[in-house]
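Report on one structure; see the data block that follows.
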Amino acid sequence: MPNFKNSRTAEDLKREIAAIIRELKDPRVRETMLTVMRVETAADLSYAKVYVSSMTGLEGAKNAVKGLQSATGYIRRELSARLHIRKSPELKFIADDSVRESIEMFEKLKRSAPKEQIENED
């Protein structure tokens with residue numbers, strides 16, 4: 001059974017990490033349009049897995065993860081200051097390709113739908 005406090009904290013972490021990523025100056029992170037897909041936290045909130053996706057594909061996300069790993073100390077410090085928590089979780093960034101996959105799936109569905117249905121939706 002999911003803990004309400006953990007899920008709320010995970011959403012807070014997701015929101016703040018996304019804001020902090022937009023402020024980073026590392027070109028590996030800035031050049032890719034990153035999206036924080038989800039954050040999974042440990043039961044004691046000492047670790048957090050941050051899944052990020054990029055519109056440039058999985059390679060772009062993997063390159064951005066390298067930049068995020070080098071900025072982990074800064075991100076953790078900002079998190080503790082913004083969320084007023086004593087100890088911010090250790091962050092592990094993971095490249096995720098779900099945005100690209102969902103766009104491709106949408107395009108396939110759009111092509112397979114009858115033209116009348118598509119015209120009626122517009």
**Q.** Filter pass, L79 being within 16 Å of I21 (Cβ to Cβ) and in contact (Cβ under 8 Å) with a residue 60 or more places away in the chain
**A.** yes
Q) Quick check: is even one residue across region 86-98 within 14 Å of the chain's Cα centre (by Cα) and farther than 15 Å from T35 by Cβ? A) yes
Q: Would you list the helices (runs of 4 or more DSSP H) that sit entirely within region 4-100 and hold 2 or more residues that are at pLDDT 90 or above and crowded, with 18+ Cβ neighbours inside 10 Å?
A: 4-23, 58-70, 72-83
Q. Do any residues in region 31-52 that are under 19 Å from A19 (Cβ atoms) have Cβ atoms under 8 Å from those of residues that are buried (at least 17 other Cβ atoms within 10 Å of the Cβ) and of a type in the set (D, E), where the two are at least six apart or on different chains, and which pairs are they?
A. M37/D96; Y51/D96; V52/D96
Q: Please specify each residue of region 89-106 satisfying the condition of being over 21 Å from V29 (Cα atoms) and of a type in the set (D, E).
A: E104
Q) Taking region 11-30 only, how many residues are under 18 Å from E59 (Cβ atoms) and in contact with a Ser or Thr (Cβ under 8 Å, 6 or more places away or on another chain)? A) 1
Q: Please work out if K108 is in contact with a strand residue (DSSP E or B) (Cβ under 7 Å, 6 or more places away or on another chain), charged (D, E, K, R) and either part of a helix (DSSP H, G or I) or crowded, with 17+ Cβ neighbours inside 10 Å (or both).
A: no
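The values are calculated or read from the model by the stated rules, or taken from the named source; none is laboratory data. Here the structure is a predicted model, which is why all the values come from computation and not from measurement. Here Cβ is always computed from backbone atoms with ideal geometry, including for glycine, and neighbour counts include all displayed protein chains.
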